[in-house]
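Here the structure comes first, spelled out in structure tokens, and everything after it is commentary.
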Amino acid sequence: MKELSKVVFLFVFLSHWLFVFSQRSSTTIIFEQEIKNRSGHYMKEPNFKKAEVFFLEQNWDSTLVYTMKQLSQSSQNQEIKNYCHLFRGYSFIGKKIFSEGLKELNKITKGFAFYYTTKSKLGEIALEQKEFQKAISYFKEIELVADSKLLGIKKSRIKHNLGICYLHLNTFDRAEFYLLESIKLQELQKDSLNLIGSYGDVANLYYLQFKDNLAIPYFEKAYKISKKIKNFDLKRRTALNMAVVEKNRNNFAKALAYREEYDQWKDSLNNQNKVWEIAQTEKKFAVKQKQNEVNLLKTENRVQKTQQVGLLVFVSLVSILFLMSIYFYRQKTRQNLVISKQKETLDELNATKDKLFSIVSHDLRSSVHAMKTSNAKLLEKVATKDLEEIDAILHQNSGIANSTYNLLDNLLHWALLQTKQAYFEITSLRLFFIVEQVAYNYQPLMGEKNILFENTISKKDFVLADQESLKLLLRNFFDNAIKFSNENGFIKMYTQNNSETYCDLIIEDNGIGMSDETIASILKDTTILSKKENEKMIGTGLGLQLCKSMIKKNKGKLDIKSELGKGTKFIVSLLKTPPYEQN
């Protein structure tokens with residue numbers, strides 16, 4: 001029981017941190033969207049606008065700077081103050097300065113839209129600092145609040161945290177009530193990751209009360225769910241818990257099986273060693289069996305002792321030599337295969353390295369040289385105080401810096417893609433909101449060229465894609481459209497549904513366009529990176545090459561329609577989400 005309790009307590013802390021992980025992808029997005037929607041009418045305040053942008057980017061230091069500037073102004077309404085204290089509280093907590101974070105969050109007044117969000121955050125901090133009674137007071141305050149006022153906070157999360165607090169206080173009846181209530185909600189929401197943690201917490205609750213018959217089924221449920229998810233750590237922990245459970249049941253065969261599964265996740269090398277040890281044991285057993293046969297023959301017929309012993313020894317030696325030959329042959333074949341795969345991987349990495357160095361030495365050097373030349377002109381114009389030229393050069397430098405940053409960003413993603421280190425998960429996405437998020441960051445750049453942007457994508461369009469790679473695609477298409485558009489131009493994004501399988505996302509501009517030869521070159525199926533043809537233009541073909549790779553990895557298709565002087569249409573075909581899988 002003591003050994004099992006230690007394992008179960010691991011689950012208590014696991015589930016607490018599990019909420020932080022699982023809520024990031026759903027409620028945090030809702031929280032950030034609500035911030036944008038509700039604070040829009042304060043965007044005329046320059047310091048507040050910068051503070052919000054840095055807050056959403058989780059740039060805590062810059063957030064603290066601009067919120068302090070905003071608060072230092074004499075004329076303030078209470079809602080702006082509340083937003084500033086909210087931003088500052090989250091920023092201090094993000095920097096692990098909890099005392100200052102708590103001070104800021106406690107300054108928020110009750111009429112504020114994010115008041116209950118603040119209380120939930122205070123409760124989680126108190127829970128983390130093991131101030132359980134204080135945490136309960138915060139969670140109880142928002143337990144019965146309507147969902148519409150929680151702005152993305154799940155009721156299951158609140159009830160689960162209350163259960164954890166009561167569990168630490170050994171108030172088992174209240175802990176059981178809230179944990180089971182949380183499980184009911186999570187089961188309705190099909191929240192697999194958090195269900196594993198909640199099942200573990202309930203099991204721990206029952207084990208602390210020596211109710212093994214109630215605890216074990218929850219461990220089994222957690223294990224079954226872990227088989228369907230991709231979280232490696234949860235798979236390993238649930239397998240270890242089941243091993244200890246079966247051991248306490250004296251069911252050693254199952255305990256061994258679960259333990260082997262745990263070891264398999266932990267270290268595959270150990271499995272190979274085990275296989276080798278079993279082979280050695282079997283070989284020794286075979287030799288011993290042959291020796292017993294020799295002894296039996298000696299007993300049965302002493303007259304033929306010499307001949308039979310010689311024959312058996314010969315057979316034994318041949319058998320051993322044969323088995324050893326097979327063993328060493330397999331070992332050599334296995335080693336050659338490993339060496340061959342390692343050589344292929346090394347060749348690919350060397351090719352990737354050579355391509356990266358080629359791009360960095362050529363394109364990045366050109367970009368930096370352009371910046372150096374432009375800065376030299378800027379110094380000359382500063383000396384002559386030619387303000388119009390200074391303004392023009394500064395805008396030019398801004399474009400060069402932005403293009404250079406995009407080049408470095410594309411280089412990073414391309415390197416991660418080539419070395420297979422990038423995280424990739426295809427999920428159902430609402431296309432309209434993804435485009436809105438990316439377009440928001442490009443409003444200043446479009447404003448510099450007075451470019452009109454229209455997003456007429458239907459909010460009913462769902463596609464199957466990896467979210468981060470889709471954002472990367474959109475950023476590159478925005479960069480190209482802005483770069484090759486004229487002053488007072490337009491950029492449009494819309495969808496067409498001419499197929500039951502694919503949703504066509506169209507990025508259209510009325511810029512300089514491209515020739516048929518250029519289109520054919522872009523659409524050509526190749527992995528070789530090409531350097532830019534025009535040395536005066538900042539950028540490289542890497543962005544479009546990266547887009548092609550990302551579209552292919554998302555099981556999509558790319559087409560281009562363009563005409564010189566009349567603009568360009570990039571058509572990205574992405575798989576549609578089936579109606580029963582749409583969020």
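Just so it is clear, none of the values below were taken in a lab; they were calculated from the coordinates. Every value quoted in this text rests on a predicted model; they were computed, and no experiment measured them. Neighbour counts are summed over all protein chains in view; Cβ atoms, including those assigned to glycine, are modelled from backbone coordinates with ideal geometry.
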Excluding same-chain residues fewer than 8 positions from LYS576, which aspartates and glutamates have a Cα within less than 15 Å of its Cα? ASP461, ASP466, GLU500, ASP504
Which shape class applies to region 141-212: rounded if a/c is under 1.5, otherwise prolate when a/b exceeds b/c and oblate if not, where a ≥ b ≥ c are the square roots of the Cα gyration tensor eigenvalues? oblate
Ranking of SER192, SER458, SER499 by count of other Cβ atoms within 10 Å, fewest first: SER499, SER458, SER192
Can you list the trypsin sites (Lys or Arg not before Pro) in region 164-200 that are in a DSSP coil and have 11 or fewer other beta carbons within 10 angstrom? LYS190
In this structure, among LYS121/LYS154; LYS81/LYS121; LYS69/LYS385; LYS459/LYS492; LYS121/LYS149, pairs with alpha-carbon gaps over 22 Å are LYS69/LYS385
Three-way shape call for region 27-153 based on the alpha-carbon gyration tensor, with the a/c threshold at 1.5: prolate
Check the straight Cα-Cα distances from LYS377 and name the aspartates and glutamates below 20 Å, setting aside those fewer than 8 residues away within the same chain. ASP386, GLU388, GLU389, ASP391, GLU535
Label region 27-76 by shape, choosing from rounded, prolate and oblate, from the square roots a ≥ b ≥ c of the eigenvalues of the Cα gyration tensor; if a/c is under 1.5 it is rounded, and otherwise prolate applies when a/b is larger than b/c, oblate when it is not. oblate
So what J values fall out for region 90-99 if you push phi through Karplus, 6.51 cos²θ - 1.76 cosθ + 1.60 with θ = phi - 60°, rounded to Hz, Gly and Pro as x? 5, 5, 4, 5, x, 8, 6, 9, 5, 4
Loop-located GluC sites (Glu not before Pro) in region 119-181, at most 16 other Cβ atoms within 10 Å (DSSP): GLU131, GLU143
What number comes out for the charge environment of GLU57, summing +1 per Lys or Arg and -1 per Asp or Glu over other residues with Cβ under 12 Å away? -2
Residue order, fewest to most surrounding Cβ atoms within 10 angstrom, among HIS85, HIS41, HIS160: HIS41, HIS85, HIS160
Which of TYR442, TYR580 has the fewest other C-beta atoms within 10 Å, and how do the rest follow up to the most? TYR580, TYR442
